[in-house]
1. Select the helices (runs of 4 or more DSSP H) contained entirely in segment 84-146, then report the ones holding at least 1 residues which are free of Cβ contacts under 8 Å to residues at least 12 places away in the same chain and surrounded by 13 or more Cβ atoms within 10 Å (Cβ to Cβ).
2. Within segment 1064-1082, work out how many residues are surrounded by fewer than 21 Cβ atoms within 10 Å (Cβ to Cβ), of a type in the set (Asp, Glu) and over 21 Å from Lys518 (Cβ atoms).
3. State all residues of segment 835-854 that are on the phi < 0 side of the Ramachandran plot and part of a loop (DSSP other than H, G, I, E, B); if no residue qualifies, say none.
4. Only one residue in Glu495, Glu502, Glu529 is over 25 Å from Arg1080 (Cβ atoms), touching a residue at least 24 places away in the same chain (Cβ under 8 Å) and either open to solvent by 10 Å² or more (accessible area, probe 1.4 Å) or in a strand (DSSP E or B) (or both). Which one?
5. Which one is most open to solvent (accessible area, probe 1.4 Å), of the residues in segment 834-854 that are in contact (Cβ under 8 Å) with a residue 40 or more places away in the chain and of a type in the set (S, T, N, Q)?
6. Asp871: within 30 Å of Gln801 (Cα to Cα) and assigned to a helix (DSSP H, G or I), yes or no?
7. For segment 221-310, please list each of the helices (runs of 4 or more DSSP H) lying entirely inside it that holds at least 1 residues being within 30 Å of Gln418 (Cα to Cα) and open to solvent by 30 Å² or more (accessible area, probe 1.4 Å).
8. Could you check segment 863-916 and list, in sequence order, the residues that are open to solvent by 20 Å² or more (accessible area, probe 1.4 Å) and under 16 Å from Leu536 (Cβ atoms)?
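The values are calculated or read from the model by the stated rules, or taken from the named source; none is laboratory data. Bear in mind that the values here come from a model prediction, so they are computed numbers and not experimental data. Neighbour counts are summed over all protein chains in view; Cβ atoms, including those assigned to glycine, are modelled from backbone coordinates with ideal geometry. What goes into the accessible areas is simple: the full protein's heavy atoms, side chains included, and nothing from ligands, DNA or RNA. Shrake-Rupley method; radii C 1.70, N 1.55, O 1.52, S 1.80 Å.
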Amino acid sequence: MVDLDSEVPPLPPRYRFRDLLLGDQGWQSDDRVQVEFYMNENTFKERLKLFFIKNQRSSLRIRLFNFSLKLLSCLLYIIRVLLDDPTQGLGWSPIIWVNRSLPLWGLQVSVALISLFETLLLSYLSYKGNIWEQILRIPFLLEIINAVPFIITIFWPVLRNLFIPVFLNCWLAKHALENMINDLHRAIQRTQSAMFNQVLILISTLLCLIFTCICGIQHLERAGNRLTLFDSLYFCIVTFSTVGFGDVTPKIWPSKLLVVIMICVALVVLPIQFEQLAYLWMERQKSGGNYSRHRAQTEKHVVLCVSSLKIDLLMDFLNEFYAHPRLQDYYVVILCPAEVDAQVRRVLQIPMWSQRVIYLQGSALKDQDLLRAKMDDAEACFILSSRCEVDRTAADHQTILRAWAVKDFAPNCPLYVQILKPENKFHIKFADHVVCEEEFKYAMLALNCICPATSTLITLLVHTSRGQESQQSPEQWQKMYGRCSGNEVYHINLEESTFFAEYEGKSFTYASFHAHKKFGVCLIGVRKEDNKNILLNPGPRYIMSSTDICFYINITKEENSAFKKQEKHRKNHESKLSYHGASRLPVHSIIASMGTVAIDLQDTGCRTSSGPTLALPSEGGKEGRRPSIAPVLEVADSSSLQTCDLLSDQSEDETTPSDDEASAGLEYAKGYPPYSPYIGSSPTFCHLLHEKVPFCCLRLDKGCQHNYYEDAKAYGFKNKLIIVAAETAGNGLYNFIVPLRAYYRPKKELNPIVLLLDNPLDDLLRCGVTFAANMVVVDKESTMSAEEDYMADAKTIVNVQTLFRLFSSLSIITELTHPANMRFMQFRAKDCYSLALSKLEKKEREKGSNLAFMFRLPFAAGRVFSISMLDTLLYQSFVKDYMISITRLLLGLDTTPGSGFLCSMKITEEDLWIRTYARLYQKLCSSTGDIPIGVYRTESQKLTTSESQISISVEEWEDTKDTKEQISYRSNHRNSTSSDQSDHPLLRRKSMQWARRLSRRVPRHSGKTAEKINQQRMNLYRRSERQELAELVKNRMKHLGLSPAGYDEMNDHQNTLSYILINPSPDTRLELNDIVYLIRPDPLAYVPNTAPSRKDSFCNTVGQDTREETQL
């Protein structure tokens, strides 16, 4: 052991354990060499070069010192001229010799020595091997001319008064100034402004020309007119401005030659400088320049980031953004990578926008451009996607990168992002507000099938308007529709509100009803102080608190309202309706089932009733007494609510399905969808099947081993279909299906949904279009590549028009890209009423209305909408940060525990006893706790004879000889739209004449055969376009083996118009078939933890019997 230890060498003291592990044996041969890098920079020359040239700050100081020396030399020259006496000397001697005092000479020599030494040193340091390149530079030659003669005078005193053109140092000062500005931009690390440099060069060049000319003329004229510096300045200005008074002129030829030379130089140099300046100015106009730092710190601004800026997008943003009074002083900075469009440029030159809107051409992915837009000082950044792109996923990817870039550059700047595809939404969860286009689009399309015109309702709510549209119209519906369109959603703290402060400690429904009765405002939701979630209609059990934030619908916000008491009007109402605070009536006479309001509120207990919705109460022999409605309770009786469970879920007991469901073999369960199509989808409690249906059974047009059905009618659906015609089955369809299968929808009212990925006539007929409740046509993404922007909707519009002509009574709901294209929906070329509405739209647009398109009949009826209208939702969220949340709750995209949902009910003949909207409000609040927010009204319309109803009679054509009758026939003939001949009456006329001549040449048939042929021919001529289309569809249905029985009923088209009244006045009369929009409380919010069996509850029997009368 001792021998082994002696053989091991000792470890060096610096040896470390990790070296032993790494196997480093370098310590055994200690031959390491220390290497020093960048030794070339340690030389004296390199150190001087670093100080004078390379280092930004030190070189800036050197150039500033050089610039000061040149200005000092020019100043000393002026002082010498002012002290000089030009009368001394004769002939040419005053030009060669001058009077220079000794102190002045000493200063000029000192300046010359320093300047020459600096010039030689910089030439040495910048020497790169070519000596002539250094010597022949103009700045070096000028330095030699101005400095070397002064140094010679040191050694030769006789030449001390020799004239030296020191004024040429102004050009060296100009050169030093340009270098100094470049070093200044490098030192402070700011982007060099080419425009600023060019303006500086132009101004310095012009000053140097004038100064050189002044000093040259003054010196040369010492032998002539002996001009002073001021006279020389006057002469140069007059000459260069091309005025030429002639009172001061050069006398000797050298001065005349100098003037000619200077004019030639000015004519060459100045235009070049001006051309470069103009070019840079034009380029700056294209790129937009910068948003000044001083303005960013003193004024407020927002940034709009888009990939391409269209005039419609710009005007929608500006009109909506500046519609709010507190945003009038904001600036809008537009950051767009594309060059500004000609139309956009013209709009931005309007004085109203030119002072507030700044266009910058640049990319949000460049920090340089974000710095130009002062993104770090912006109040908000709006990032919009390009919805006209063919590849919407690629457009979303660009939006995501822009959002990331802005968040990285300015983390504290609020982000308002618009995304197209829902599956891309989770990438921008960090944004303050996000609007996903496909989520909102499909949700509105779905709710349009249940609550008519939900899209129009949401669109009007998110647009800023004063409700002054069409107030001069002679038609009453346009006045009411335009006035109610001014309603918007506002918020206010309860304790600060005049509307709601008196209802502290009262129930929500009590506050909502009485606020509407007293002020005409509609309270729709609240938010607690310690909770960020908004609750829409939390129900009668919610007690208002002083710290609650109230959300209400009104024409204007409370802060802009004036309150005038009307004592007489109040007394009249108190005499008619007796309200004495909280009523002590039994709760069964006040609270009804959530599924219906068909309960006699005069009774004192729960009883079975098979009456219709809002049934007329029995008066027990008091014929003359007007039906009364129970008052709304200040505080709901919670014990009775739990006992009767009247505000619980509407559906039947899950363990006992109804007879209809049992016969159909359908078993539903309530729960959350087991699979989510994309990350970030909001979980929704809805109706589900107990077992997953095999994929083969989803093909409606093909049978499988589980069923043999090949068309929709064979399935025997009890409810009408909802057909969705889309190009692809995208993830957005999830947001279409979920609202239609939400847990609060009664099972008996669930409509089958058919997805039609292609829509030829045969597939339409197979999927049951003849007995469908609604057909939803989704915008075709394949047409987005149209060269003309507005042609993106061409395919959708033509397809919808074809469906409208084939199935005139089919309820078609569609979505377009551009709102301007809504005028082509259900287009009739010679419909006088549509033409009148078109003129009305133009007038409203000229008045500056943001809702000029609202009077188009398809939009007012909820048949069409444009998702671009919801861009205003994102803009409004800057002022109203709650608008996106409220809209998502209304559309069913989000579900908050305790928050209500949007539904509707229809006014039947049995409900007309309520008479007014105020009484309906009271009836709903006192019975079910529902809050009405608007009315969808349909009226009969007396239109001119439509083109599809006019047929052509051959007999009239043959018998008519009079000119007036021919003109009358031609007018009727033009009104027909039978195929292509409707546009060419002469073709139709010649074809019929040819048919008659041909019939004369054919040999006569015998008896019945000839009569039959003539009858068929006459029927063919008399057939209208409607009959031709009907015959075509029926033949196709027969060919497919389908019964055409339901098609005849579908063609009974009625001319009607529909519109929405948002929060109408309390005295608005209800009409037959009105559909009332309701915000119904959450049924799950009232289900007790230990609820009794519903089978044992007598009140549940009431709910089940009356639920059948619910009309949603």
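1. Numbers: elements: 93-96, 102-125, 131-135.
Of the helices (runs of 4 or more DSSP H) lying wholly inside segment 84-146, those with at least 1 residues that are free of Cβ contacts under 8 Å to residues at least 12 places away in the same chain and surrounded by 13 or more Cβ atoms within 10 Å (Cβ to Cβ) span 102-125, 131-135.
2. Adding up the residues that qualify gives 1.
3. Hits for segment 835-854 are Lys847, Ser849, Asn850, Leu851.
4. Details: Glu502 fails: touching a residue at least 24 places away in the same chain (Cβ under 8 Å); Glu529 fails: touching a residue at least 24 places away in the same chain (Cβ under 8 Å).
Step by step, each of Glu495, Glu502, Glu529 is checked, and only Glu495 is over 25 Å from Arg1080 (Cβ atoms), touching a residue at least 24 places away in the same chain (Cβ under 8 Å) and either open to solvent by 10 Å² or more (accessible area, probe 1.4 Å) or in a strand (DSSP E or B) (or both).
5. Asn850
6. Details: within 30 Å of Gln801 (Cα to Cα): yes; assigned to a helix (DSSP H, G or I): yes.
The answer is yes for Asp871.
7. On the way: elements: 229-240, 253-287, 293-298.
Helices (runs of 4 or more DSSP H) meeting the threshold: 253-287, 293-298.
8. Once the filter is applied, which keeps residues that are open to solvent by 20 Å² or more (accessible area, probe 1.4 Å) and under 16 Å from Leu536 (Cβ atoms), segment 863-916 yields Ser885, Arg888, Asp894, Thr895, Thr896, Pro897.
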